[in-house]
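Worksheet: the structure to be examined is printed underneath.
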Amino acid sequence: MFEIKNLKASLADEDKQILKGMTLRIGAGEVHAIMGPNGSGKSTMSYVASGKNGYVVDEGEVLLDGANLLDMEPDERAAAGLFLAFQYPVEIPGVGNMTFLRTAVNSQRKMRGEEELNAAQFLKIVREKAKSLKIDADMLKRPVNVGFSGGEKKRNEILQMAMLEPKMCILDETDSGLDVDAMKLVAEGVNALRNGERSFLVITHYQRLLDHIKPDVVHIMADGKIIKSGGPELALEVENNGYADLLNEVA
Amino acid sequence: MGEAKFDNPTEALLARHSAPRKGSDWAEASRHAARERTLGMGAAGRRDEYWRYTNPTTLNAFEAPDVEILQLEEVPVFDGVEKLLITFVDGVYAPDQSDDLSGEGLEISMLEDALSADIHWAADVFGVFETNGQSPVNRPFAALNTALAGQGVVIRATGKVSKPVALRYCREKTTSDAVIHHVIRVESGADLSILENGAGASRLNTVMEVDVADGGSFHHLRAQGRDHARLATTAIFARLGAESHFKSFTLTVNGVLTRNEVVLDIIGDDTKASVAGACLGDGDFSHDDTIFITHDAVNCESRQVFKKVLKNGATGVFQGKILVKPDAQKTDGYQISQGLLLDDDSNFLAKPELEIYADDVACSHGSTCGAVDENSLFYLMSRGVPRAQAQNMMIIAFLDEAIQEIESEELAEDIRSRLLGWTERHKG
Ligand SMILES: Nc1ncnc2c1ncn2[C@@H]1O[C@H](COP(=O)(O)OP(=O)(O)OP(=O)(O)O)[C@@H](O)[C@H]1O
Ligand SMILES: [Mg+2]
């Protein structure tokens with residue numbers, strides 16, 4: 001179970017609070033969606049949860065199966081089962097995609113006291129998963145995200161997620177920049193990973209992704225906190241009417 | 001012995017090495033001229049334009065330093081490749097640790113033997129290329145080398161040489177001053193690879209003069225020894241004929257002071273040259289690449305790719321020049337030098353220079369210096385890679401552009417594994 005409790009966080013360089021008391025609770029196997037206007041703090045929440053530098057936590061907790069992620073290094077959070085599909089995946093020239101993936105998978109296994117995968121085992125699994133996401137072998141050989149199209153980067157994020165088999169997946173606008181077919185692929189990739197244990201938090205601006213990945217709960221975020229939660233119908237309301245009415249409700 | 005008994009420091013330089021075996025007239029004339037040259041230009045000093053960033057004091061000192069011999073448990077560099085091995089111990093040829101001096105498409109002799117022949121092709125190269133390389137920038141250690149070197153190999157490649165010639169520089173004494181001078185000619189259409197490996201001495205001075213004829217190919221790959229307190233000055237002087245290929249790559253890990261100079265004269269059209277280096281230094285480490293490439297022919301390409309990883313107060317220096325003569329049209333010159341600083345105490349100093357007299361040329365140069373990219377580091381860590389390992393991946397990635405300059409994939413892989421080794425030993 002993933003829980004964000006009254007999370008308040010500010011920028012480290014400026015005296016500016018972005019997250020202003022965010023609370024959220026996602027049960028095992030559930031899919032939640034977060035929608036909210038640009039700049040409301042959705043990506044900031046995902047960065048703070050995964051441990052990016054540059055933010056100061058003023059208050060609150062982020063718990064994964066009871067352990068406070070905020071006390072851990074980013075790699076420890078990953079090994080604990082957290083995964084963030086980045087809104088803007090980072091290009092890393094000189095680091096091969098395959099090397100990166102294998103290092104990541106084995107680092108996590110090592111940290112959890114599991115046996116590392118050898119090259120052959122790894123290759124077999126990665127090939128299979130890449131194929132289902134229509135990621136060709138050539139892309140795996142290239143440096144991490146370098147020269148990938150927007151959609152390829154997003155698919156690569158999902159491939160990483162599939163390889164790492166996390167407990168809690170945060171997808172930050174994984175649908176943006178995807179064509180209709182790629183969106184389906186990504187959604188299928190996500191759905192294939194759904195099970196009774198694994199939870200998802202899907203950040204999106206559009207209903208379309210939620211047509212494919214059916215959320216149990218939809219949250220609306222504004223100005224650093226959740227202002228409303230509801231069923232899938234809430235996403236439709238946003239799609240049709242925008243945020244104005246919802247923002248007025250709380251104001 | 002101290003320096004006091006000499007009139008000036010340059011005489012002390014010339015006096016600190018024992019005299020080589022006497023050669024034939026042309027060789028002695030060349031040595032004598034080099035001695036005069038050395039005296040004329042004087043010892044390197046901080047006031048010299050190209051010694052501002054690197055302090056030559058220990059290189060000039062009368063006594064070579066006392067340097068603990070590094071005992072390595074790992075497989076030596078280039079061990080896995082088939083090669084013709086020539087070993088020098090403390091700067092002296094060790095025939096019992098070397099292969100027979102013969103190979104397909106190859107004539108090899110020791111420098112002393114070549115220099116004692118009355119007639120030898122090396123007479124056109126020995127000290128001649130070095131002399132040409134003394135202007136416009138003085139290179140006193142190279143002149144000193146010509147004046148005093150008795151050791152080295154003289155190689156003539158006449159065809160495709162089946163295996164690389166590997167020069168291995170071992171150490172047995174903690175204090176030694178080695179002066180080694182190689183003379184190489186790659187004949188038209190021939191293809192030669194030279195590998196160099198090891199610290200060689202507590203203070204090593206090498207010169208390699210290379211004449212690449214039209215259509216010849218020369219590949220040079222070097223791993224300078226890891227002994228921490230060792231000193232090294234090296235210089236390569238090469239003349240490149242038409243449609244020739246020249247590649248030189250140097251890996252430097254550790255070593256308290258290294259000055260590597262490369263002087264290339266491209267005199268024939270349609271030639272391609274690359275000079276590259278990767279260095280990794282932790283702590284008391286000063287590494288200097290000083291490169292001078294002259295384009296004096298049409299449609300030639302030259303590349304300089306230098307990457308330096310520095311931590312705990314290490315210093316990296318790059319001084320690289322591209323000179324394009326008035327008639328060297330269609331020159332394509334590329335130069336990049338980058339420092340990756342793993343902390344605030346380390347320094348990277350670069351002096352890139354372009355001097356272009358032709359109008360139809362494409363030359364680009366860039367120099368950057370910075371820390372490991374935080375966003376990339378976070379991305380790697382967010383996937384479960386621990387910080388130190390993520391940083392090491394970034395270091396290897398940073399160096400990769402230089403490694404890619406190595407022609408042979410097998411040798412490049414060997415070098416990559418050494419980089420990994422260093423990052424593991426110097427983690428965090
Ligand atoms: N490092 C930073 N420096 C300055 N401002 C920042 C920084 N990080 C976030 N912010 C600000 O914090 C606010 C929240 O940004 P965040 O990226 O979390 O929004 P978001 O909800 O993900 O928006 P979008 O829907 O556009 O992706 C914005 O006003 C943004 O400008
Ligand atoms: Mg965002």
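Where a number appears in this text, it was derived from the coordinates with a stated rule and is not lab data. Keep in mind it's a predicted model, so treat the numbers as computed, not measured. So basically every Cβ, Gly included, is an ideal-geometry build from the backbone, and we count neighbours across all protein chains shown.
Overview of values
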quantity	calculated
Partner chain coverage, peptide A:76-84 - average Cβ within 10 angstrom	3
Total lysine pairs whose alpha carbons fall under 13 Å of each other in region B:9-373 (8 or more apart, or interchain)	4
Environment charge at B:Lys83 (Cβ cut-off 10 Å; Lys +1, Arg +1, Asp -1, Glu -1)	-1
Crossing angle, helix A:119-132 versus chain A [Cα axis fit, 0-90 degrees, rounded to tens]	50
Förster-model FRET efficiency, 60 Å R0, B:Glu104 and A:Glu114, C-beta, rounded to 0.05	0.70
Once the Cα gyration tensor of region B:9-373 is diagonalised, semi-axes √(5λ) in Å	27, 26, 21
Shielding by partners, peptide B:384-396 (average Cβ within 10 angstrom, other chains)	6
Chymotrypsin sites (Phe, Trp or Tyr not before Pro) within region B:303-392, DSSP loop, no more than 13 other Cβ atoms inside 10 Å	B:Tyr357
Hydrodynamic radius of region A:2-250 per Kirkwood, over alpha carbon pairs, in Å	18.6
Gaussian network model of chain B, springs between alpha carbon atoms under 10 Å - residue of B:Val256, B:Val153, B:Val161 with greatest fluctuation	B:Val161
Estimated FRET transfer efficiency when R0 is 56 angstrom, pair B:Gln71-B:Asp270 (beta carbons, to 0.05)	0.75
Mean residue ellipticity (222 nm) of chain A, computed from DSSP H runs ≥ 4 via -39,500 (n - 2.57), nearest 500	-12000 deg cm²/dmol
Anisotropy class of region A:82-211 from Cα gyration tensor, a/c 1.5 cut	oblate
Span from the region A:223-251 Cα centroid across to the region A:116-177 one, whole angstrom	33
Whole-percent pair-distance distribution, where bins are 5 Å wide, for the alpha carbons of region B:1-95	2, 9, 12, 16, 17, 14, 13, 11, 5, 1, 0
Spatial extent of the protein assembly as shown: Rg and Dmax, with the Cα atoms as the point set, Å	30.7, 102
Residue among B:Val137, B:Trp422, B:Ala412 farthest towards the positive dipole end of chain B, charges placed on Cβ	B:Trp422
Pairs of Cα atoms farther than 17 Å apart, region B:276-341, %	47
GluC sites (Glu not before Pro) within region A:53-144, DSSP loop, no more than 12 other Cβ atoms inside 10 Å	A:Glu114, A:Glu115
Cα-Cα over 27 Å, subset of A:Lys52/A:Lys110; A:Lys124/B:Lys427; A:Lys5/A:Lys214; A:Lys131/A:Lys167; A:Lys5/A:Lys228	A:Lys124/B:Lys427
Global size of region B:90-230 as Cα Rg and Dmax, reported in angstrom	14.9, 43
Region B:240-317: translational diffusion in µm²/s, Stokes-Einstein, Kirkwood Rh over Cα pairs, 20 °C, 1.002 mPa s	161
Under 17 Å from the B:Arg21 label point (7 Å along Cα→beta-carbon), backbone N, region B:132-176	B:148-155
Residue order, fewest to most surrounding Cβ atoms within 10 angstrom, among B:Asp265, A:Asp245	A:Asp245, B:Asp265
Gaussian network model of chain B, Cα within-10 Å springs - most flexible of B:Pro76, B:Pro140, B:Pro65	B:Pro76
Local electrostatic count at B:Leu101 - Lys and Arg +1, Asp and Glu -1, tallied over other residues with Cβ under 11 Å	-4
Pairwise centroid distance, computed over Cα atoms, of region B:193-218 with region B:322-384, Å	25
Positive dipole terminus of region A:1-156, leading residue within A:Asn6, A:Ala130, A:Val57 (C-beta point charges)	A:Ala130
Highest-fluctuation residue, B:Ser202, B:Ser382, B:Ser109 considered, GNM on chain B with Cα pairs under 10 Å	B:Ser382
Those residues of region B:1-44 whose amide nitrogen sits under 20 Å from the label point placed on B:Arg52, 7 Å along Cα→Cβ	B:43-44
Segment B:Asn8-B:Phe62, extension gain: residue separation times 0.36 nm, minus the distance between their alpha carbons	18.3 nm
Over chain B: helical MRE at 222 nm, DSSP H runs n ≥ 4 each giving -39500 (n - 2.57), nearest 500	-6500 deg cm²/dmol
Region B:237-282 and region A:43-115: distance between their alpha carbon centers, rounded to Å	42
Cα-centred dipole magnitude for chain A, charges only on beta-carbon of K, R (+1) and D, E (-1), debye, nearest 20	720
